[in-house]
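Novice: Here it is: the structure, laid out below.
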Amino acid sequence: MAHYRSIVLNTIWALALLMAGDAAIRSAQAHGGHGGGGEELPAGEVRTTPIITIEGHGGFENNLDGRPQHYAIDGQFGVVLEWGLPNNGSFAIEASMGPSLVWGEAEHFYGRVHVEEHHEEDHHDDVQSGHANHGDSHGSGAPFRRTDIKGFLEARYQPNERLAFSVAWMPYYVTGDEGEDFGTGLKNEVGAEVIYAFGDGDVNFALGDGLEDMVDGIFVSVENRTGWESDGTFIGNYTDPWLGFGLNVDLLNITLSGGPRFYNPGSYSGLSQRTDWGGEIELEYPVAENVVLFAHWEPVYSTEAGNGWGVGFQHHVGTGLTLSF
């Protein structure tokens with residue numbers, strides 16, 4: 001019960017923080033990062049925007065035995081360089097880095113399993129019941145561990161208002177091995193995404209838009225991500241072909257997306273390919289010209305059990321703010 005209360009309280013806190021009322025970004029782009037400006041940049045012009053992002057977030061692996069949790073507070077300091085292109089297009093590079101205060105495990109790639117040297121019969125009952133045996137190392141909850149270093153580097157190309165491409169690298173340096181299976185070192189995650197918006201993304205019910213205008217907020221995205229642990233172990237790769245919808249309620253921007261997750265686990269896990277299902281709710285609200293509050297919740301349901309893995313939900317929730325200068 002305490003575990004579920006923690007999820008509910010984190011979600012309520014994030015929602016309450018933001019429900020005071022649109023992020024200065026278009027709905028088709030809200031599926032991505034929080035950095036950068038919001039105003040269209042005329043062709044041939046260049047804009048440099050320093051940014052600071054502070055986020056508190058948590059992960060809840062409910063499909064694993066012991067229901068492990070991890071929490072972190074990230075401080076990211078970076079810059080967005082943006083070039084205006086014809087047809088209201090743009091090209092942007094975003095780079096940031098900063099500390100991550102870690103409680104419990106360090107943030108890790110989706111689908112990671114803890115491979116343990118137990119006899120087959122030790123896991124049989126857990127797998128049959130749909131939960132993976134995660135060991136006893138998480139029985140003490142999520143104590144404070146250390147301060148890690150987290151980075152983000154992304155290139156985004158938007159040839160017009162409806163189509164956008166991006167590639168990203170997300171390095172994460174683990175500064176100590178307290179409670180970590182893979183030890184000190186650099187985790188790596190890379191991703192690529194394509195977004196296509198069917199309309200202009202300008203759906204605002206507060207300005208009189210109705211159900212007939214909802215098509216303007218519909219978009220599709222295809223995102224692929226691959227992750228490695230700190231010792232170089234290939235954790236896995238997944239592809240999310242998701243359908244999404246973005247709308248505004250006065251200044252509050254709401255983005256909903258979801259669909260299948262085609263997951264290919266690394267060979268270390270002994271697991272086979274599977275199709276999971278996930279979604280995300282994102283909220284953004286500008287409280288000042290250069291300050292945007294945000295929150296997000298991403299539940300993913302795993303459909304198959306195996307050694308070290310179980311059927312059920314994993315959740316990631318977070319809230320924070322971005323300041324641009």
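Read the figures in this text as sums done on the coordinates, not as results from a lab. None of the values given here were measured: they were computed from a predicted structure. Counting neighbours? That spans all protein chains shown, and the Cβs are built from the backbone with ideal geometry, glycine included.
Novice: Can you run phi through the Karplus equation (6.51, -1.76, 1.60; θ = phi - 60°) for the stretch 182-191 and list ³J(HN,Hα) in whole Hz, with x for Gly and Pro?
Specialist: Rounded to whole hertz, the list is 9, x, 5, x, 9, 7, 9, 9, 10, x.
Novice: Something else now. Nothing charged except the Cβ atoms of Lys and Arg (+1) and of Asp and Glu (-1): what's the magnitude of the dipole of the stretch 239-324 about its Cα centre? Round to the nearest 20 debye. The partial results should precede the final answer.
Specialist: On the way: 2 positive and 9 negative charges, 67 e Å.
The calculated dipole for the stretch 239-324 is roughly 320 debye.
Novice: While we're looking at this one, here's another question. If each residue of separation counts as 0.36 nm, what is the full-extension length gain between E289 and N87 once their alpha-carbon separation is subtracted?
Specialist: Numbers: separation 202, 0.36 × 202 = 72.72 nm, distance 2.57 nm.
Contour length minus the Cα-Cα distance gives 70.1 nm.
Novice: Under the Karplus relation 6.51 cos²θ - 1.76 cosθ + 1.60, θ = phi - 60°, what is the ordered set of whole-Hz ³J(HN,Hα) values for the stretch 57-69, x standing for Gly and Pro?
Specialist: Per residue, the Karplus-derived 3J(HN,Hα) values read 8, x, x, 10, 9, 5, 8, 10, 4, x, 6, x, 10 Hz.
Novice: Hey, got a sec? Which GluC sites (Glu not before Pro) in the stretch 64-116 land in a DSSP loop and have at most 15 other Cβ atoms within 10 Å?
Specialist: Of the GluC sites (Glu not before Pro), the ones in loops of the stretch 64-116 whose Cβ has at most 15 other Cβ atoms within 10 Å are E116.
Novice: Enter the Cα centre distance for the pair the stretch 234-249 and the stretch 264-310, rounded to the nearest angstrom.
Specialist: Cα centres, the stretch 234-249 to the stretch 264-310: 9 Å.
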